Amino acid sequence: MKIKVKLFASYQDLAGKSEIELKVDPGASVATVLNQLKELFPRLSERLGSNTLIALNAEYVSVTSPVQDGDEMAIFPPVSGG
């Protein structure tokens, strides 16, 4: 299966790319994709965490959500403000 991953803000800076196409095995989850990204881009390892915002096909999801062939995942750093 292939999915497209879009990285935003500091994640894009750390990876040096804004978009990545990944091959994942059937039955993969968002967590699987995050682990692949950490292996490909070690600088992301310390930043991708429980407060990372993840959208799958324009809907926010948890790390246990399954991914499907052709999905588009967007990964955003945590935001704060007033």
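Coordinate-derived values only; no laboratory data. Fair warning: this is a prediction, and the values are worked out from it, not measured in the lab. Here Cβ is always computed from backbone atoms with ideal geometry, including for glycine, and neighbour counts include all displayed protein chains.
Out of the stretch 32-67, which residues are in a helix (DSSP H, G or I), within 14 Å of Ala15 (Cβ to Cβ) and out of contact with any Lys or Arg (no Cβ under 6 Å at 6 or more places or on another chain)?
Val33, Leu34, Gln36, Leu37, Lys38, Glu39, Leu40, Pro42, Arg43
Given the conditions (1) out of contact with any strand residue (DSSP E or B) (no Cβ under 6 Å at 6 or more places or on another chain); (2) part of a helix (DSSP H, G or I), which single one is not true for Tyr11?
Unmet condition: (1).
Could you grab me the full set of residues in the stretch 12-46 that are in contact with a helix residue (DSSP H, G or I) (Cβ under 7 Å, 6 or more places away or on another chain), surrounded by 16 or more Cβ atoms within 10 Å (Cβ to Cβ) and either hydroxyl-bearing (Ser, Thr, Tyr) or under 14 Å from Phe76 (Cα atoms) (or both)? Write out each step before concluding.
Kept after step one, since they are in contact with a helix residue (DSSP H, G or I) (Cβ under 7 Å, 6 or more places away or on another chain), are these residues of the stretch 12-46: 14-15, 18, 22, 24, 37-38, 41, 43-45.
From what is left, the residues that are surrounded by 16 or more Cβ atoms within 10 Å (Cβ to Cβ) are 14-15, 22, 24, 37, 41, 44.
Matches in the stretch 12-46: Leu14, Ala15, Leu37, Leu44.
Could you figure out which of (1) part of a loop (DSSP other than H, G, I, E, B); (2) of a type outside the set (Lys, Arg); (3) at negative phi; (4) touching a Lys or Arg at 6+ places or on another chain (Cβ under 8 Å) isn't true of Glu21?
Among (1) part of a loop (DSSP other than H, G, I, E, B); (2) of a type outside the set (Lys, Arg); (3) at negative phi; (4) touching a Lys or Arg at 6+ places or on another chain (Cβ under 8 Å), Glu21 violates only (1).
Of the numbered conditions (1) within 11 Å of the chain's Cα centre (by Cα); (2) surrounded by 15 or more Cβ atoms within 10 Å (Cβ to Cβ), Asp71 fails exactly one; give the number of that condition.
That leaves (1) as the condition not met.
So Gly70 passes all but one of these: (1) in contact (Cβ under 8 Å) with a residue 40 or more places away in the chain; (2) in contact with a Leu (Cβ under 6 Å, 6 or more places away or on another chain); (3) part of a loop (DSSP other than H, G, I, E, B). Which condition number does it fail?
For Gly70, the exception is condition (2).
Per-residue answers, yes or no, for (1) within 11 Å of Leu7 (Cα to Cα); (2) small (Gly, Ala, Ser):
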| position | (1), (2) |
| --- | --- |
| Phe41 | no, no |
| Ser50 | no, yes |
| Val61 | no, no |
| Ser65 | no, yes |
| Asp71 | no, no |
| Ile75 | yes, no |
| Val79 | no, no |
